[in-house]
Amino acid sequence: MNANYVNYLRATKKSENTIKNYTKYISQMLDSVSKPESEISFDDLINWQANIAHLSANTVCLQIASVKSYFDYLYKAEIVSKNIAEGLGRPKVNPKAKPYLEAEDVRKLIEASRTIRDKAILLTFCTTGLRVSELADLTREDFEQAKITREIIITGKGNKQRFVFLNDEVIEAIDKYLKTRIDDSEHLFVTFKNTKLNEESFSRTIKATAKRAGLPYWEDMTNHTLRAVAATRYAEAGVPIEDIRDMLGHSNVAVTSIYLKSCKNNIRSAMMQKIF
């Protein structure tokens, strides 16, 4: 893979997680085709796409997006004479209904945590709506300051800064977790191998915990599900959507609205009333 492609992604404001996924999928494609980029044909890409057709539509779409992005860069950089990936089609994605978590479901999830660490992480995630990358970047120093001020400054996408707040339950849970740590990592949360958290391991933790909690949709639980939990809970509490947008670090309200699940209790209450 062309070494400058990563710099191109960073220059176009792609997140580190996107960069990680794109480079992984592009490397897999190059290994599968086994040709230099300048010799790869459209038919080679079609054969590669056929080899990954057994994967979920979402995964195939992401892999194709990665390859299209790569060849677009190669063409713009004049490394190849033609963008052969431009004509690649993507499978139709039929969106599944996202799992809706009531407040009692969230509590079940947290209480089903296998370890003190998992409980502290889930509490923090569900109450702040942080991205996984932002959660992973938190430091012990951030937390020590938050114990005094109850707030943490988060640097999110596009280097935009915002505040999130930690309540007493979260602080108590993190304190208990830190007392079990014997490593010297600066990161507030680490894996069981004392390395920095990553999205893949966190996703496994969510699914395993949801399964242990007896949630019927545990297989569909994702990091974004818990971001939506935070957004929905605050919406139900009457927090304006503009404030929720700022809490999640979104660029506009339209993006935030995607995260907001139907507030079932509010809908039920409204529909039970005589309004005509």
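Starting from the amide H of Thr139, placed 1.01 Å from N in the peptide plane, find each other amide H under 5 Å away whose residue is 5 or more places distant or on another chain.
Sorted by chain and number, the residues that satisfy this are Leu188.
Students often check this: by mean Cβ neighbours within 10 Å, which of 66-78, 1-13 ranks highest, and how do the rest follow? Mind dumping the intermediate values first?
Working: 66-78: 17.6, 1-13: 13.1.
My ranking of the peptides, most packed first, is 66-78, 1-13.
Put Lys82, Lys24, Lys193 in order of accessible area, largest first, 1.4 Å probe: what do you get?
Values: Lys82 140, Lys24 90, Lys193 175 Å².
These residues rank, largest area first, as Lys193, Lys82, Lys24.
Over the chain, with every protein chain in place, what whole percent of the accessible area is carbon and sulfur at 1.4 Å, could you tell me?
Looking at the chain in its full context, I get 51 percent from C and S.
Which ³J(HN,Hα) values in Hz, rounded to whole numbers, follow from the phi angles of the range 13-30 under the Karplus curve 6.51 cos²θ - 1.76 cosθ + 1.60, where θ = phi - 60° and Gly and Pro get x?
6, 6, 6, 4, 5, 4, 4, 4, 5, 4, 5, 5, 5, 5, 4, 5, 5, 5
Which residue, Val6, Ala237, Thr18, has the largest displacement toward the positive end of the dipole of the chain when charges sit on each Cβ (Lys, Arg +1; Asp, Glu -1)?
Toward the positive end, the furthest listed residue is Ala237.
So what is the relative contact order of the range 23-179, in percent, for Cα pairs below 8 Å that sit 6 or more residues apart? Don't skip to the end; give the middle numbers.
On the way: 114 pairs, mean separation 24.6, N = 157.
Result for the range 23-179 is 16 percent.
For a quick check: with amide H placed at 1.01 Å from N, whose amide H comes under 5 Å from Glu151's, ignoring anything fewer than 5 positions away on the same chain?
Residues meeting the amide H criterion: Leu166.
Using only Cα atoms and rounding to the nearest 10 degrees, what angle (0 to 90) does helix 116-128 make with the longest principal axis of the chain?
The angle comes out near 90 degrees.
Restricting to DSSP H runs of at least four residues, report the calculated mean residue ellipticity at 222 nm for the chain, -39500 (n - 2.57) per run over all residues, nearest 500 deg cm²/dmol.
Rounded to the nearest 500, the figure is -17500 deg cm²/dmol.
How much net charge surrounds Ile84 when only other residues with a Cβ under 11 Å from its Cβ are counted (Lys, Arg +1; Asp, Glu -1)?
Net charge around Ile84: -4.
Could you sort out which of Lys108/Lys211; Lys179/Lys211; Lys119/Lys147 sit more than 22 Å apart by Cα distance in this structure? Could the numbers behind the result be given before it?
On the way: Lys108/Lys211 11 Å; Lys179/Lys211 27 Å; Lys119/Lys147 18 Å.
Going by Cα-Cα distance, Lys179/Lys211 fall outside the 22 Å limit.
Provide Trp48, Trp218 ordered by accessible surface of protein heavy atoms (probe 1.4 Å), highest first. Kindly include the intermediate steps, with their values, before the conclusion.
Details: Trp48 5, Trp218 70 Å².
Ranked list, largest accessible area first: Trp218, Trp48.
Using θ = phi - 60° and the Karplus curve 6.51 cos²θ - 1.76 cosθ + 1.60, what whole-Hz ³J(HN,Hα) does each residue of the range 196-201 get, with Gly and Pro shown as x?
5, 4, 9, 5, 5, 5
PRE reach from Asn4 (point 7 Å along Cα→Cβ): which of the range 71-91 fall under 16 Å by backbone N?
Residues passing the 16 Å test: 71-82.
Using Cα atoms only, what is the angle between the long axis of helix 140-149 and the major principal axis of the chain, expressed in degrees (0 to 90) to the nearest 10?
The two axes meet at around 40 degrees.
For the range 167-176, just list the computed ³J(HN,Hα) in residue order, Karplus coefficients 6.51, -1.76 and 1.60, θ = phi - 60°, integers in Hz, with x standing in for Gly and Pro.
Listing the rounded values in order: 8, 4, 5, 5, 4, 5, 5, 5, 4, 4 Hz.
In debye, nearest 20, what is the charge dipole magnitude of the chain about its Cα centre with +1 on Lys and Arg Cβ and -1 on Asp and Glu Cβ, if you could check?
On the way: 41 positive and 35 negative charges, 140 e Å.
Value, rounded to 20: 680 debye.
What does the highest-first list of 239-248, 35-44, 219-228 look like by mean Cβ count within 10 Å? Please list the in-between numbers first.
On the way: 239-248: 16.2, 35-44: 12.6, 219-228: 18.2.
Answer by packing, highest mean first, reads 219-228, 239-248, 35-44.
The values are calculated or read from the model by the stated rules, or taken from the named source; none is laboratory data. Not measured: the values here are computed from a predicted model. Here the Cβ is made from the backbone with ideal geometry for all residues, glycine too, and neighbour counts use every protein chain on show. The accessibility values were calculated without ligands, DNA or RNA, using every heavy atom of the protein model including side chains. Shrake-Rupley method; radii C 1.70, N 1.55, O 1.52, S 1.80 Å.
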